[in-house]
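Here is the structure we will look at.
Each reported figure results from applying straightforward, stated rules to the coordinates on display, with no laboratory input. This is a predicted model, so every value here is computed, not measured. All Cβ positions, even for glycine, are placed from backbone atoms using ideal geometry, and neighbour counts span all protein chains on display.
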Amino acid sequence: MTSQAKTIQRDQSTPLRMFWLTSLSMILIVAQSLMGHAQESLANLAEKISPSVVNITTSTTVAGRTGPQGIVPEGSPFEDFFREFQDRNGQGDRPRRSSALGSGFVISEDGFIVTNNHVIEGADEVLIEFFEGFELPATIVGTDPNTDIALLKVESDTPLKFVNFGDSDTARVGDWVMAMGNPLGQGFSVSAGIVSARNRALSGTYDDYIQTDAAINRGNSGGPLFNMDGDVIGVNTAILSPNGGSIGIGFSMASNVVTNVVDQLKEFGETRRGWLGVRIQDVTDDVAEALGLVSAKGALVSDVPEGPAMEAGMQAGDVIISFDGREVEDTRGLVRQVGNTEVGKAVRVVVNRDGATQTLLVTLGRREEAETAVPASQPVEEDEVEQMELMGLTLSPLSDEIREQLELPESARGLAVMDVDETSEAFEKGLRAGDVITEAGQAQVLAVSDLEERIAEAQEAGRKSILLLVRRAGDPRFVALTISEDE
């Protein structure tokens, strides 16, 4: 019986052993696969694209100092001594040369090179050092400070090795990327990382940065950010750092922005961006509620100076929801869409006005040629002079005396904010004494009674807030304030 029992035990344990053996085999296979990927080298990719990456050295003439500024106070008895010391050491009023280093990359065999504008800005001479070791002088074709992009040109007897731009819109967070350039003047260097974030904005109007943890340092500026296909998806531009070195937060201007700029610089030597001719602000939740919008999307028009939009019939208070067939999410997106559209093109702009949509046909102007203009106001009689408090605001119609105090033109009309209760929502949202309210509920207000009527109309419509058009030093913006029951 004992022998028979042992046999049964072995028979029952065989499937279990087979299960564990199979599982162990699968784990080993997966581990080997992962190790293979982890050990996969980027050397072939680096070798392929390195010849297209260049080091850039610029030289600038800096005016000499006329005296020992910053060393001793003016009029000090030691001033002559330090002036003589500077002269002996060649540091008098003679001009001196200053050098800077950066990176770039070749985009055509005939010698066009892309870099950052700040790398070559103000340079008298630009020298390009190639991976193979030879050097060529470069001329500046054009620059765009708005995107910090510059286009250079060198003349070569032989075709140059170059790289192509990729589609930055296809880059996903987590994708592998490679940065190349001349960090801290150390020469050609390669670093790798991943795409950490997309669509970052720093300070520019047309910002669309790819954030990466690939090591980027000073000197990497203007160098390329490659995807694993060897295409350029970004131009390394800036880093976020408390100490000036890489901490894994670098920013590359997206290639889809760069290609448009480069094409214009190559054709015209300058940028030619579309211009709609409006001042806009984002649609916040409270603004959407005040306007009766379903969602807080689009771009709210706060002012329409003389220009393409005015000629097409656009008005302050319109919410732009579509531009040239593309939905508008926010002001940043609209600015980029307009800027990337051809000057002189007639585009269809869909706006929400008073709860209904309208389509306007706007022929775009050129942003670089646009001049700031303020629409003329029609003279209106001032029918009220007393002050009144509403929504935490002390308001008064504009009089000649108030216009003089606020340094406003004679044509200015509206309600002057004389004081703001610091505990009020109005103060929290940035209203201050000296502001001028020109519209409420998308209708002009000239007297406090006009504002009271607009508030009553909003309450009758079941709205919890009212939209005010506020001007400060001529700059307009919309502010939505909550309507209390006793208003």
The local net charge around residue 473, scoring Lys/Arg +1 and Asp/Glu -1 for residues other than residue 473 whose Cβ lies under 15 Å from its Cβ, equals +2
The base-10 log of I(q)/I(0) that the Debye equation returns for region 161-202 at q = 0.35 Å⁻¹, one scatterer per C-alpha, is -1.12
In cubic angstrom per residue, the convex hull of region 274-369 built on its Cα atoms measures 81
Counting only DSSP loop positions in region 417-459, the GluC sites (Glu not before Pro) whose Cβ has at most 15 other Cβ atoms within 10 Å are 422
Ranked output for segments 396-406, 217-227, 251-261 by mean other Cβ atoms within 10 Å, highest leading, reads 217-227, 251-261, 396-406
If amide H atoms are modeled at 1.01 Å from N in the peptide plane, then the residues at a separation of 5 or more from residue 215, or on another chain, having amide H under 5 Å from its own are 192
Taking Lys and Arg as +1 and Asp and Glu as -1, residues besides residue 435 with C-beta under 9 Å from its C-beta add up to +3
If each part is reduced to its alpha-carbon centroid, region 190-213 and region 329-352 end up apart, in Å, by 23
In the neighbourhood of residue 329 defined by beta carbon distances under 10 Å, the net charge of the other residues (Lys, Arg +1; Asp, Glu -1) is 0
Mean Cβ-within-10 Å packing, highest first, puts peptides 430-436, 333-339 in the order 333-339, 430-436
